[in-house]
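Worksheet: one structure, shown below.
The values are calculated or read from the model by the stated rules, or taken from the named source; none is laboratory data. Remember, it's a predicted structure, so these values are computed and weren't measured experimentally. We place every Cβ from the backbone using ideal geometry, glycine too, and count neighbours over all the protein chains shown.
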Amino acid sequence: MLLDLVYLIGGIALVIFSANWLVDGASSLAKKYGIPDLVIGLTIVAFGTSAPELTVNLFSALQGSTAIAIGNVLGSNIANIFLIVGLSALISPLLIQKNTTWKEIPLSLLAAIVLGFLANDQLIDNNPIGNFISRIDGLVLLSFFIIFMVYTIEISKNQSETDEQVVLMPIWKSILLMVAGLLGLFFGGKFLVEGAVSLAGQLGMSEKLIGLTIVAVGTSTPELATSLVAAYKKKADIAIGNIVGSNIFNIFFILGITALIQPLPFEPSMNFDIAITILASFLLFMTTIVLGKRKVVKAEGVVFLLIYIAFIVYSVYR
């Protein structure tokens, strides 16, 4: 148990430092080439901070622990919005760009809805075999991911240089920081999850609950660290772009890749978790266009955190 605690604490420390390196390197590179912070957050930062989820899902699929794989993605997406956006908004109100409000957030909402359709074979097609996220479903998810990447490249061509105040550094140093950050996030997340899963296993928790809670929060620690650092540095584009981009990555790319390796059986009880994932993106969208005038303020952050606490309590109870 002592070794597990060392893995857990060491992993948390590593991802926090790595997130700082990644944000600094990505911001400098964005400023150097006139690429908006939003695009960096939606691609490089999102991919880097999703590395732990990808690692966990690949290992889970190969070992047959499919409940962890699905629970990890759903739990991470829920934590990304309710926990991480909530905490980030407490540090600094998050101004959200028009593209993010009307395109990226709805796309993350679409991702959760598409997953709900693909996973419910019995409900939609009366499939007697059961519910599966099949290899064909994986290809569908990856097709959406390609569309998302093409869109991201296009907006990078159409947006002008940002006004963010960043420290410019040599290109080699920016790349070195980003590579170090990505590697640190990957290994830090891996150590964190190994320690958390081992500790949870000793407590007799189910794989689904481990995936939705401990593993999900553990693999979301890079997103948490990156967004909190970005919010503290007043880089709202990276803070929000990181979260929304990671949610899209998690469903379209990570679940798509996982399903190609190993079809994933889907328990009907996890429809509740898909519904909460849909609710999270919907509330973020409604918050930005109705309540906050494209801002997530502290009061809304508190509401998000309360919803997340209620979700965790109910997940443990059920």
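Assess whether residue 150 counts as being surrounded by fewer than 17 Cβ atoms within 10 Å (Cβ to Cβ) and modelled with pLDDT of 95 or more.
So residue 150 fails the test.
When the residues of the range 265-278 are filtered to those that are assigned to a helix (DSSP H, G or I) and either buried (at least 17 other Cβ atoms within 10 Å of the Cβ) or aromatic (Phe, Trp, Tyr) (or both), which remaining residue is nearest to the chain's Cα centre (by Cα)?
So, considering only residues that are assigned to a helix (DSSP H, G or I) and either buried (at least 17 other Cβ atoms within 10 Å of the Cβ) or aromatic (Phe, Trp, Tyr) (or both), the one nearest to the chain's Cα centre (by Cα) is 277.
Residue pairs, Cβ under 6 Å, 6 or more apart or interchain, first in the range 55-74 and over 17 Å from residue 194 (Cβ atoms) and in contact (Cβ under 8 Å) with a residue 24 or more places away in the chain, second of a type in the set (Ser, Thr, Tyr) and buried (at least 21 other Cβ atoms within 10 Å of the Cβ). List them.
74/277
Pairs please, first residue from the range 209-234 and on the phi > 0 side of the Ramachandran plot, second anywhere and at pLDDT 80 or above and assigned to a loop (DSSP other than H, G, I, E, B), Cβ atoms under 7 Å, 6+ apart in sequence or on different chains.
Pairs that qualify, where the first residue is on the phi > 0 side of the Ramachandran plot and the partner is at pLDDT 80 or above and assigned to a loop (DSSP other than H, G, I, E, B), are 234/92.
Of everything in the range 279-302, what is among the β-branched types (Val, Ile, Thr) and either surrounded by fewer than 18 Cβ atoms within 10 Å (Cβ to Cβ) or at pLDDT 85 or above (or both)? Give them in sequence order.
Correct list: 289, 290, 297, 302.
Just for helices (runs of 4 or more DSSP H) wholly inside the range 205-264: which have at least 2 residues that are modelled with pLDDT of 80 or more, among the β-branched types (Val, Ile, Thr) and buried (at least 24 other Cβ atoms within 10 Å of the Cβ)?
It comes to 236-248.
Here's the yes/no breakdown for (1) more than 20 Å from residue 119 (Cβ to Cβ); (2) modelled with pLDDT of 80 or more; (3) assigned to a helix (DSSP H, G or I):
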| position | (1), (2), (3) |
| --- | --- |
| 10 | yes, yes, yes |
| 19 | yes, no, yes |
| 24 | yes, yes, yes |
| 38 | yes, no, yes |
| 42 | yes, no, yes |
| 52 | yes, no, yes |
| 62 | yes, no, yes |
| 76 | no, yes, yes |
| 80 | no, yes, yes |
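Just to be sure, is residue 227 under 14 Å from the mean Cα position of the chain (by Cα) and closer than 23 Å to residue 193 by Cα?
For residue 227, the condition - under 14 Å from the mean Cα position of the chain (by Cα) and closer than 23 Å to residue 193 by Cα - is met.
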